[in-house]
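J.: Quick one: the structure is below, questions incoming.
The values are calculated or read from the model by the stated rules, or taken from the named source; none is laboratory data. Only a predicted model underlies this, so the values are computations on that prediction, with no experimental measurement involved. With ideal geometry, Cβ positions are generated from the backbone for all residues, glycine too; neighbour counts draw on all protein chains shown.
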Amino acid sequence: MKILITGHKGFIGSNLYAHFRQTEHQVHGYEWGESFPGYNFDLVMHVGAISSTIERDIEKIMRQNYDFTVNLLENCNDRGIPVQFSSSASLYGNNTQFSEDSPLDPKTPYAWSKYLVERYVSTRNWSIPIQIFRYFNVYGPGEDHKGNQASPHHKFRKQFKEHGYIELFKGSENFYRDFIHVSTIVDYHEKFMNMSESGIWNFGTGKSKSFVEVASEISTEHRYIDMPENLKHGYQSYTCADVTKLNKTLSKK
């Protein structure tokens with residue numbers, strides 16, 4: 001199979017790219033700003049996007065995350081190329097229910113861009129499979145370039161290595177996330193390649209862990225700081241994927 005991976009130099013994209021380069025598949029990458037390689041592919045894994053939850057340039061986000069995606073989907077549809085699209089659990093906002101048909105409450109421009117793509121997909125009929133994956137909190141190798149947007153696992157390890165202690169936001173004992181390793185994300189993408197079903201699936205573990213628990217696995221030396229103002233509006237206090245649909249789908253394979 002000939003696969004195009006958009007965002008192949010980013011965190012999740014680079015892990016997908018590295019994995020599929022070691023398989024029998026032909027894999028090609030694309031990054032925003034490069035010359036687009038065309039549509040001579042059997043599958044597009046569209047994981048490229050501005051993923052920063054603190055990015056406030058709306059036009060930039062809409063251009064890269066929404067406009068580009070809609071154009072990509074339309075061209076793939078015209079040519080019969082299935083698409084896997086990376087969405088986000090940030091669409092759930094501060095809700096406490098996390099099944100694929102739960103109410104959505106996007107809080108940031110990034111989350112809104114993902115929501116608008118999902119909504120666009122839902123408003124028309126497609127001749128290709130479009131698989132939408134709502135990633136929960138992904139962590140693992142390849143996060144170095146993400147800075148403050150890196151996972152707590154990555155940031156805490158870096159802080160402890162550099163300073164001998166870990167900085168936690170005040171109230172972190174009340175912040176729970178569904179953390180999923182990037183290798184599992186890659187595995188799910190690969191398993192869905194052999195399925196022709198369209199739809200939306202949560203990619204999470206179905207379990208939550210507090211930030212304090214994550215930090216304590218690395219060190220008990222903690223220092224507490226105030227949460228920056230630019231994070232407060234879109235900050236989710238709790239996520240936990242309902243993986244009922246995911247498990248049911250994978251059980252058919």
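J.: Hey, among the residues in the stretch 34-56 that are surrounded by fewer than 18 Cβ atoms within 10 Å (Cβ to Cβ) and at pLDDT below 95, which one's farthest from the chain's Cα centre (by Cα)?
T.: Filtering first and then ranking leaves Arg56.
J.: Here is a further query. Since Glu221 meets every condition but one in (1) in contact (Cβ under 8 Å) with a residue 24 or more places away in the chain; (2) within 30 Å of Arg56 (Cα to Cα), which condition does it not meet?
T.: The single condition Glu221 does not satisfy is (2).
J.: For the stretch 30-81, which positions are polar (S, T, N, Q) and free of Cβ contacts under 8 Å to residues at least 40 places away in the same chain? Steps first, answer last, please.
T.: Residues of the stretch 30-81 polar (S, T, N, Q): 35, 40, 51-53, 64-65, 69, 71, 75, 77.
Ser35, Asn40, Gln64, Asn71, Asn75, listed by residue number.
J.: Evaluate the following for Ser113: is it at pLDDT 95 or above, within 18 Å of the chain's Cα centre (by Cα), assigned to a loop (DSSP other than H, G, I, E, B) and more than 24 Å from His19 (Cα to Cα)?
T.: The answer is no for Ser113.
J.: Now for a different question. Count, please, the residues in the stretch 63-104 that happen to be touching a His at 6+ places or on another chain (Cβ under 8 Å) and either of a type in the set (Val, Ile, Thr) or not assigned by TED's automatic domain parsing to the domain that holds Ser196 (or both).
T.: 2
J.: Mind listing whichever residues of the stretch 160-215 are under 19 Å from Glu100 (Cβ atoms), loosely packed, with under 15 Cβ neighbours inside 10 Å and either modelled with pLDDT under 95 or touching a Pro at 6+ places or on another chain (Cβ under 8 Å) (or both)?
T.: Ser196, Glu197, Ser198
J.: What about Lys9, is it in the same structural domain as Arg124 (by TED's automatic domain parsing) and either at pLDDT 95 or above or farther than 22 Å from Thr239 by Cβ (or both)?
T.: Yes.
J.: Kindly indicate the residue of the stretch 169-222 that is more than 15 Å from the chain's Cα centre (by Cα) and assigned to a strand (DSSP E or B) and also nearest to Tyr17 (Cα to Cα) among those meeting that condition.
T.: Within the stretch 169-222, the subset more than 15 Å from the chain's Cα centre (by Cα) is 169-176, 190-199, 206-222.
If we keep only those that are assigned to a strand (DSSP E or B) too, we end up with 169, 176, 199, 209-210, 222.
Working: Phe169: 34, Tyr176: 30, Gly199: 23, Lys209: 29, Ser210: 31, His222: 36 Å.
Among those residues, the one meeting the criterion is Gly199.
J.: Tell me which residues, restricted to the stretch 140-154, are crowded, with 19+ Cβ neighbours inside 10 Å and within 15 Å of Ser52 (Cα to Cα).
T.: Matches in the stretch 140-154: Glu143, Ser151, Pro152.
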